[in-house]
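Student: Dropping a structure here in structure tokens format, bear with me for questions.
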Amino acid sequence: MTLLAVDRLSKRFGGLVATEAVTLTVEAGSVHALIGPNGAGKSTLINQLSGSLAPDSGRIVFDGEDITARAMHERVARGLARSYQITNVFKRFSALDGVALAVQARSGSSLRFWQPVRRERALFDEAAAVLDRVGLGARKDTPAAALAHGEQRQLEVALALATNPRLLLLDEPMAGQGPDESARMIELLGQLKGGVTLLLVEHDMEAVFRLADTISVLVYGRLIASGPPAAIRANEEVRRAYLGEEEVAT
Ligand code: ADP
Ligand code: MG
């Protein structure tokens with residue numbers, strides 16, 4: 001089943017075409033990796049999908065509904081979320097409090113009829129479960145600012161998961177991390193696989209080829225290939241345009 005269909009999505013910045021008629025589909029339950037050189041338009045595409053950037057033309061259909069004109073919060077309410085870097089305000093909260101706030105933002109009205117004490121209990125139980133899911137269960141009372149760099153990235157994933165997404169957009173979740181932290185994030189993404197559909201921008205080709213069911217390759221704003229890892233690895237145009245410069249794990 002197709003969860004997300006992107007149809008000829010284009011975005012210009014002045015004379016620069018950042019995404020040029022990008023068409024791709026993301027299947028429910030899959031991990032779909034988006035790769036390509038720096039400046040290829042990967043983040044621009046993610047921003048259009050999350051709703052932080054309006055496309056010039058094209059359509060975004062999520063779960064059968066055209067959401068191209070929907071605001072970001074409307075997309076989140078429908079189950080399309082992305083992770084963001086934690087802000088300084090959030091860094092003052094414990095991991096648990098931060099995630100509980102995110103859970104509350106999602107479920108505020110659905111908890112309306114609950115008694116305050118039970119409501120609070122439900123929020124914190126769910127927040128604790130989300131932190132367990134990302135491997136931060138033992139760190140729930142730690143202020144976000146005191147978490148290690150890699151743990152903060154895990155918390156960012158937790159904050160996105162707290163909105164209960166069906167499709168989670170991740171733009172370089174391993175960026176700036178050491179090998180151990182990257183390995184932990186790859187493990188986490190592997191555990192999420194199947195439970196939530198992932199559209200992942202990542203430069204670590206070993207991780208991409210290990211995790212992804214489908215890989216799409218963006219070069220100068222154009223999608224040059226989309227398919228299973230084996231087909232992408234064997235694709236001559238992809239090798240010439242991108243993979244040739246990288247160490248491709250086999
Ligand atoms: P990637 O994430 O693949 O590295 P980006 O989507 O960030 O690529 O950028 C694609 C192109 O669009 C780049 O040439 C970049 O300089 C340009 N670009 C991105 N955002 C903006 C912006 N807000 N204003 C002008 N140009 C931008
Ligand atoms: Mg980018």
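The values are calculated or read from the model by the stated rules, or taken from the named source; none is laboratory data. Computed from a prediction, not measured in an experiment: that's the story for all the values here. Heads up, the Cβs are rebuilt from the backbone with ideal geometry, glycines too, and the neighbour counts pull from every protein chain shown.
Student: Using beta carbons and a limit of 6 Å, which pairs, at least six apart or on different chains, have the first residue in the range 131-160 and modelled with pLDDT under 95 and the second one of a type in the set (Asp, Glu)?
Tutor: 150/181
Student: Among (1) in a loop (DSSP other than H, G, I, E, B); (2) crowded, with 18+ Cβ neighbours inside 10 Å; (3) away from ligand 2 (no atom under 13 Å from the Cβ), where does residue 84 come up short?
Tutor: (2) is the only condition that residue 84 fails.
Student: Right, something else. Can you report the number of residues in the range 167-181 which are in a helix (DSSP H, G or I), in contact with a His (Cβ under 8 Å, 6 or more places away or on another chain) and more than 8 Å from residue 153 (Cβ to Cβ)? Explain how you work it out, then say what you get.
Tutor: As a first pass, look at the range 167-181 and keep what is in a helix (DSSP H, G or I): 179-181.
Next cut, in contact with a His (Cβ under 8 Å, 6 or more places away or on another chain) only: 181.
Restricting the remaining residues to those that are more than 8 Å from residue 153 (Cβ to Cβ) gives none.
Here the count works out to 0.
Student: On the given criteria, is residue 217 in a strand (DSSP E or B), within 17 Å of the chain's Cα centre (by Cα), among the hydrophobic types (A, V, I, L, M, F, W, C) and crowded, with 19+ Cβ neighbours inside 10 Å? Outline the logic, then answer.
Tutor: Numbers: in a strand (DSSP E or B): yes; within 17 Å of the chain's Cα centre (by Cα): yes; among the hydrophobic types (A, V, I, L, M, F, W, C): yes; crowded, with 19+ Cβ neighbours inside 10 Å: yes.
Answer is yes for this residue.
Student: Select from the range 42-53 the residues that are of a type outside the set (Gly, Ala, Ser) and in contact with an Asp or Glu (Cβ under 9 Å, 6 or more places away or on another chain) and write down the one among them that is nearest to ligand 1 (Cβ to nearest atom). Lay out the reasoning, then the answer.
Tutor: If we filter the range 42-53 for residues that are of a type outside the set (Gly, Ala, Ser), which is where we start, we get 42, 44-49, 53.
From the residues that got through so far, the ones that are in contact with an Asp or Glu (Cβ under 9 Å, 6 or more places away or on another chain) too are 42, 46-47.
Numbers: 42: 3, 46: 8, 47: 7 Å.
Checked the range 42-53; the qualifying residue nearest to ligand 1 (Cβ to nearest atom) is 42.
Student: Going by the conditions given, is residue 102 in contact (Cβ under 8 Å) with a residue 12 or more places away in the chain, of a type in the set (Gly, Ala, Ser) and not in a strand (DSSP E or B)?
Tutor: Yes, satisfied.
Student: Among (1) surrounded by 16 or more Cβ atoms within 10 Å (Cβ to Cβ); (2) more than 16 Å from ligand 2 (Cβ to nearest atom); (3) among the β-branched types (Val, Ile, Thr); (4) not in a loop (DSSP other than H, G, I, E, B), which single condition is residue 44 missing?
Tutor: (2)
Student: Could you grab me the full set of residues in the range 12-36 that are part of a loop (DSSP other than H, G, I, E, B) and within 15 Å of ligand 1 (Cβ to nearest atom)? So that I can check it myself, show each step before the final result.
Tutor: The first filter runs over the range 12-36 and keeps only residues part of a loop (DSSP other than H, G, I, E, B), leaving 14-15, 28-30, 36.
Result: 14, 15, 36.
Student: Assess whether residue 39 counts as being more than 13 Å from the chain's Cα centre (by Cα), assigned to a loop (DSSP other than H, G, I, E, B), within 16 Å of ligand 1 (Cβ to nearest atom) and on the phi > 0 side of the Ramachandran plot. Even if it seems obvious, please write down each step before you answer.
Tutor: Working: more than 13 Å from the chain's Cα centre (by Cα): yes; assigned to a loop (DSSP other than H, G, I, E, B): yes; within 16 Å of ligand 1 (Cβ to nearest atom): yes; on the phi > 0 side of the Ramachandran plot: yes.
So residue 39 fits the description; yes.
Student: Go through (1) within 16 Å of ligand 2 (Cβ to nearest atom); (2) over 12 Å from the mean Cα position of the chain (by Cα); (3) within 22 Å of residue 49 (Cα to Cα); (4) surrounded by fewer than 18 Cβ atoms within 10 Å (Cβ to Cβ) for residue 164 and report which single condition fails.
Tutor: In the conditions (1) within 16 Å of ligand 2 (Cβ to nearest atom); (2) over 12 Å from the mean Cα position of the chain (by Cα); (3) within 22 Å of residue 49 (Cα to Cα); (4) surrounded by fewer than 18 Cβ atoms within 10 Å (Cβ to Cβ), residue 164 misses (1) alone.
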